[in-house]
Amino acid sequence: MGPQKADLLKKELGIFTFGDLLHHFPYRHIDKTRFSPVIDLNPTLDYVQVRGFLTYKETAGEKSGRRLLAYLRDETGTIELTWFKGLNWVEKLLREGAQYTVFGKLSFFMGKPQLVHPEIEPYNPDAVPNSLEPVYSSTEKLKSRGLGGRPIGKLVQALFEILPHEELPENLPDAILEKGKLMGRYAAYRGIHFPRSPKECAHAIRRLKFEELFIAQVRLARTRSERHRLSRGVLFDQVGDLFNTFYKEHLPFELTGAQKRVLKEIRTDTASGHQMNRLLQGDVGSGKTIVALLAMLLANDNGYQACLMAPTEILAQQHYKGLSELLAPMELPIRILTGSTKTAERKKILGELLEGSVRILIGTHALIEEVVQFQNLGLAIVDEQHRFGVAQRARLWKKATVPPHVLVMTATPIPRTLAMTAYGDLDCSVMDELPPGRLPVHTVHRLDDQRTRVMEFMRGELEKGRQAYVIFPLIEESEKVDYESLMVGYENVKAFFPEPRYWISMVHGRQTSEVKEANMQRFVQGDTQIMVSTTVIEVGVNVPNASVMVIESAEKFGLSQLHQLRGRVGRGAEKSYCVLMTSPKLSNDARERLKMMCATNSGFEIAEKDLELRGPGEIEGTRQSGSLNFRLADLVKDKTVLDAAKSYAEQLVEEDPELESADHVRLKQYLLSQMGKTPWSRIS
Ligand code: ADP
Ligand code: MG
């Protein structure tokens, strides 16, 4: 291939090497051995191949409506072929009376079968192919330079002619091949490109998917195993006065079973001498904060400082306030550091941190700045981690000579398959239990023209002494548009709920953090009954007296966001309600999301649905991690393959963490050869 074409291949498809070409897998295969009789064509069929005589061709229409029509007849009937583009070129290929095979997506026009822009070639009875023909993706640009799907297939074929077996050595251990009934590696690559039967093709794909997932799982299991065996971690080997006193005397409630279990896991981790790197998944309202506090007390009992990072200023403030109150009887110095901390105050705090007189630090991103240095940080907790980037979390490590223990708490549950892949190098705790007495939030979908009734319902709740949220989306490109629609909404709410009978707080992105905080506070203290807000209150805010949440333009929110928002109500003993307002015009996906919200309160179920609807690439917090770039495997469809790959990988790493046994040598070599080629990165 000349340098120009080669260049185009690089630019258009990212194909630089033989290896890249080998991994440019066909996206489907045409079964050249099967022809459909015209009489059997029906709307349930998708792509079909037909063989027959070309009886007649004609052009029809004028100018841009011009098209080429041809009719292909087999023993059972006639099918119409249509072209709108490249008429002259196609027409020259077609000879009336000759035999052709055509392939394309079947459609029906006025009840008659039709193929638009089919692939067509002369039928040669002596060269009946006995295989499936691979179909490769290409781009318009490549096609115009003679590098469409077919020519690319030819390249792959040529590659296989010069590719010795040794270039594609087996990388899976024999035992795994046997257990998983998997085909060999070379055969699998051959089989996915040039299968001889649909069965061979399916086997090849399964093997390659398994390999992808298995290799990833082995990497993760080894990272975990290495941390468990080799990392150094600060030792929290005693449960001391702080923990015990708080637990016995100041804990405002009995911990749930799930909270106790997670605490035990944290204690085991931190007493191991190795570094803890744990992901705590808990549904909204499952009580992660108190777990964080107890863990921070544990750190202090062992002479170490602890910090808790929140994604927003409001949340950090709220944590600071809540935790200060809980700690009031304990005399344990706690401070808050955020972007809005005044210079003098900041200087003072930084000094106190370094000399160790501040024991617990709450904050936002400001905590990970270089200037924030601790005397001896032993535990870093990241709350609602979806908002923190991988790189930011990594900077926590640098805050002590021995890296601190890290506990990452998620905003919403992560779908199981995602947790297994994107976060698989962390140990995972799940809190799937809500504190006792919580009622599920009753969720309904209402159309905009029912707003009056919704507001009347809300008034009923306010009259009972409850409080309510009205949430507006933050979606438009322009902050100005968002602001204006929020203002219109605010005026509407105000018209329904006039002062001085009712008071309304409003919080939005244009306010300074002082104003936001003041408005929040008025709502928290019950001075205002209604909170009108954009999504800034999304995460973490805790007002147990609030029992109604109205979400405007609910179709514009993602599932996990809706679930987060809804989690702001149903925190007290009262029955709570969530009303999803939309216009009647909805996309199918939006409809699905709303249906799901009305059907369940479980964040774990919602997370699974979210993954199904949006696909793994779009789930917040994993987009940048790069760890979901599987070529073939699909986390939604290939759950069972993933499960198998994970359990085999874990067993293997447990038995032979350094991959030293004879059967594991080639796996190890393969992993070494791939070092630096995959975008795995530490989560924290
Ligand atoms: P999240 O997991 O969403 O961060 P929080 O930690 O904010 O949840 O807890 C939600 C609410 O539940 C808080 O008001 C908290 O005091 C309360 N809570 C937490 N644990 C318990 C428990 N074991 N029993 C009763 N209430 C609890
Ligand atoms: Mg929380």
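The values are calculated or read from the model by the stated rules, or taken from the named source; none is laboratory data. All values derive from a computational prediction rather than experimental measurement. Reconstructed Cβ throughout: ideal geometry from the backbone, glycine too, with neighbour counts over all protein chains shown. Just the protein is used for accessible areas: all its heavy atoms, side chains included, with ligands, DNA and RNA removed. Shrake-Rupley method; radii C 1.70, N 1.55, O 1.52, S 1.80 Å.
Tabulated data for the structure shown
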{"item": "Output for the stretch 45-65, where each listed residue is in a loop (DSSP other than H, G, I, E, B) and open to solvent by 90 Å² or more (accessible area, probe 1.4 Å)", "result": "Glu62"}
{"item": "Some residue of the stretch 83-94 being part of a strand (DSSP E or B) and in contact with a Gly (Cβ under 6 Å, 6 or more places away or on another chain)", "result": "no"}
{"item": "Among (1) touching a strand residue (DSSP E or B) at 6+ places or on another chain (Cβ under 8 Å); (2) within 16 Å of ligand 1 (Cβ to nearest atom); (3) of a type in the set (A, V, I, L, M); (4) farther than 24 Å from Glu355 by Cα, the one test that Met276 misses", "result": "(2)"}
{"item": "Selection count, the stretch 536-557, where residues are in contact (Cβ under 8 Å) with a residue 60 or more places away in the chain, open to solvent by 20 Å² or more (accessible area, probe 1.4 Å) and more than 27 Å from Gly437 (Cβ to Cβ)", "result": "3"}
{"item": "Top-ranked residue of the stretch 347-366 - restricted to ones that are in contact with a helix residue (DSSP H, G or I) (Cβ under 8 Å, 6 or more places away or on another chain) and open to solvent by less than 50 Å² (accessible area, probe 1.4 Å), ranked as modelled with the lowest pLDDT", "result": "Thr364"}
{"item": "Qualifying residue in the stretch 233-247 (condition: surrounded by fewer than 19 Cβ atoms within 10 Å (Cβ to Cβ), over 30 Å from Leu632 (Cβ atoms) and within 15 Å of ligand 1 (Cβ to nearest atom))", "result": "yes"}
{"item": "Of all residues making up the stretch 277-314, the number that are closer than 24 Å to His365 by Cβ, open to solvent by 10 Å² or more (accessible area, probe 1.4 Å) and in a loop (DSSP other than H, G, I, E, B)", "result": "4"}
{"item": "Residue match in the stretch 414-421 (condition: farther than 30 Å from Phe214 by Cβ, touching a residue at least 24 places away in the same chain (Cβ under 8 Å), open to solvent by less than 60 Å² (accessible area, probe 1.4 Å) and not small (Gly, Ala, Ser))", "result": "no"}
{"item": "Conditions (1) open to solvent by 20 Å² or more (accessible area, probe 1.4 Å); (2) more than 16 Å from ligand 2 (Cβ to nearest atom); (3) at pLDDT below 90; number of the one not met by Asp482", "result": "(1)"}
{"item": "Residue that is within 22 Å of Arg438 (Cβ to Cβ) and of a type in the set (A, V, I, L, M), where the choices are Ile290, Ile334, Ile314", "result": "Ile290"}
{"item": "Test result for Asp20, modelled with pLDDT of 90 or more and surrounded by 11 or more Cβ atoms within 10 Å (Cβ to Cβ)", "result": "yes"}
{"item": "Selection from the stretch 313-342 of residues that are at pLDDT below 95, within 18 Å of Val372 (Cβ to Cβ) and among the β-branched types (Val, Ile, Thr)", "result": "Thr338, Thr341"}
{"item": "Matching option when the condition is of a type outside the set (D, E, K, R) and closer than 30 Å to Ala645 by Cβ, among Met276, Met330, Met296", "result": "Met276"}
{"item": "Test: residue in the stretch 518-527 that is within 26 Å of Gly287 (Cβ to Cβ) and in a strand (DSSP E or B)", "result": "no"}
{"item": "The stretch 589-615 residues that are over 14 Å from Thr417 (Cβ atoms), paired with ones that are aromatic (Phe, Trp, Tyr) and surrounded by 15 or more Cβ atoms within 10 Å (Cβ to Cβ) (beta carbon under 6 Å, 6 or more apart)", "result": "none"}
{"item": "Some residue of the stretch 69-83 being exposed (fewer than 15 other Cβ atoms within 10 Å of the Cβ), hydrophobic (A, V, I, L, M, F, W, C) and modelled with pLDDT under 95", "result": "no"}
{"item": "Test: Thr417 is within 16 Å of ligand 1 (Cβ to nearest atom) and at pLDDT below 90", "result": "no"}
{"item": "Checklist (1) open to solvent by 20 Å² or more (accessible area, probe 1.4 Å); (2) within 16 Å of ligand 1 (Cβ to nearest atom) applied to Gln259, failing item", "result": "(1)"}
{"item": "Condition check for Leu68: in a loop (DSSP other than H, G, I, E, B) and under 22 Å from Thr101 (Cβ atoms)", "result": "no"}
{"item": "Residues satisfying the stated conditions in the stretch 566-582, i.e. of a type outside the set (Lys, Arg) and modelled with pLDDT of 90 or more", "result": "Val569, Ser576, Tyr577, Cys578, Val579, Leu580, Met581, Thr582"}
{"item": "Test for Glu254: is it more than 16 Å from ligand 2 (Cβ to nearest atom) and over 32 Å from the mean Cα position of the chain (by Cα)", "result": "yes"}
{"item": "Selection count where residues are at negative phi and either open to solvent by less than 50 Å² (accessible area, probe 1.4 Å) or outside any helix (DSSP H, G or I) (or both), scope the stretch 319-345", "result": "18"}
{"item": "Qualifying positions in the stretch 283-300 - at pLDDT 95 or above and more than 6 Å from ligand 1 (Cβ to nearest atom)", "result": "Val291, Ala292, Leu293, Leu294, Ala295, Met296, Leu297, Leu298, Ala299, Asn300"}
{"item": "Residue ID - farthest from the chain's Cα centre (by Cα), chosen from residues in the stretch 492-504 that are open to solvent by 20 Å² or more (accessible area, probe 1.4 Å) and under 15 Å from Phe472 (Cβ atoms)", "result": "Lys494"}
{"item": "Residue match in the stretch 381-391 (condition: open to solvent by 40 Å² or more (accessible area, probe 1.4 Å), within 30 Å of Glu612 (Cα to Cα) and either at pLDDT below 95 or more than 16 Å from ligand 1 (Cβ to nearest atom) (or both))", "result": "yes"}
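Rundown of residues vs (1) surrounded by fewer than 21 Cβ atoms within 10 Å (Cβ to Cβ); (2) away from ligand 1 (no atom under 16 Å from the Cβ); (3) under 30 Å from Pro436 (Cα atoms), yes/no style:
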{"position": "Met506", "(1), (2), (3)": "no, yes, no"}
{"position": "Val532", "(1), (2), (3)": "no, yes, yes"}
{"position": "Gln564", "(1), (2), (3)": "no, no, yes"}
{"position": "Arg568", "(1), (2), (3)": "no, no, yes"}
